[in-house]
Amino acid sequence: MTERITQVNFAKGELGPQLYGRFDVDTWQSALRKARNVIVMKYGGVTKRPGTRLVGQVINPTEPTRLIPFQFSMTQAYALEMGQGYMAPCALGGRVLANEQPIAGITNTVHAQLTIPYHGLSVGSLVYIDGVIGGMGAVLNYRTWTVVSVIDANTVTINADTSTCAVFAGCTGGTANTVPPVVVPPPTVAPPVSAPAAPTVSYGGGIGANSLED
């Protein structure tokens, strides 16, 4: 004869293998053997994990990068992208940006030329692009690009090759600047410091003929 146990509380989350048979432990009564693609709620229930989508490529894919979760409050949560010399926060399904400006035009060249009214950018500035319509968006969207040159107050080139893309069809989002913005130069980031060499350790003992002793 078997008895069915009704379990309505999962507040302890997922059990470790060491507790699979420990029904005498209180934790066993309020946990799951396996919890996949669910979120344990603080009141004991579980809910399905929300889906994911591509927010953006890391800013510097040539260096190691880590994503650190940061919960500021019950309603404010972030994913912090930690790279070499920078930290970029993401929230609400996208990157947290300094400002959002519309792109009025993009050329089909090896170094794409962007028309952005009073962009306020300089050589080396990072530009995150999203909202480009059409085939060109498949190349540019959800990625961070570097400004290669500044042509004038409304035009820059970036390190993106759009020579084989479809013609620019428009861009959504952003508010155009009507006056030149105040540009604050980014802080200087020192290169990573290599680990120091281990000190030389000399093994041996005793008092030699030339040693001093109190």
(request) Please go through the stretch 144-167 and pick out each residue that is within 28 Å of the chain's Cα centre (by Cα) and in a loop (DSSP other than H, G, I, E, B). (result) ASN159, ALA160, ASP161, THR162, CYS165
(request) May I ask you to say which residue of ARG33, ARG66 is among the basic types (Lys, Arg) and closer than 30 Å to TRP145 by Cβ? (result) ARG66
(message) Considering only residues that are outside the structural domain of LEU92 (by TED's automatic domain parsing) and in contact with a Lys or Arg (Cβ under 6 Å, 6 or more places away or on another chain), which ones fall in the stretch 39-61?
(response) ILE39
(request) Looking only at the stretch 123-165, count how many residues are within 17 Å of VAL110 (Cα to Cα), surrounded by 14 or more Cβ atoms within 10 Å (Cβ to Cβ) and small (Gly, Ala, Ser). (result) 3
(request) Could you tell me whether the stretch 76-85 includes any residue that is within 25 Å of PRO181 (Cβ to Cβ) and among the aliphatic types (A, V, I, L, M)? (result) no
(request) Give me the pairs, please: first residue somewhere in the stretch 139-163 and farther than 10 Å from SER125 by Cα, second residue anywhere and aromatic (Phe, Trp, Tyr) and assigned to a loop (DSSP other than H, G, I, E, B), beta-carbon distance under 9 Å, and either six or more positions apart or on two chains. (result) ALA153/TYR118; ASN154/TYR118; THR162/PHE168
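The values are calculated or read from the model by the stated rules, or taken from the named source; none is laboratory data. Note that the structure is predicted; figures quoted are calculated from it, not measured. FYI the Cβ positions are ideal-geometry reconstructions off the backbone, even for glycines, and counts take in every protein chain you see.
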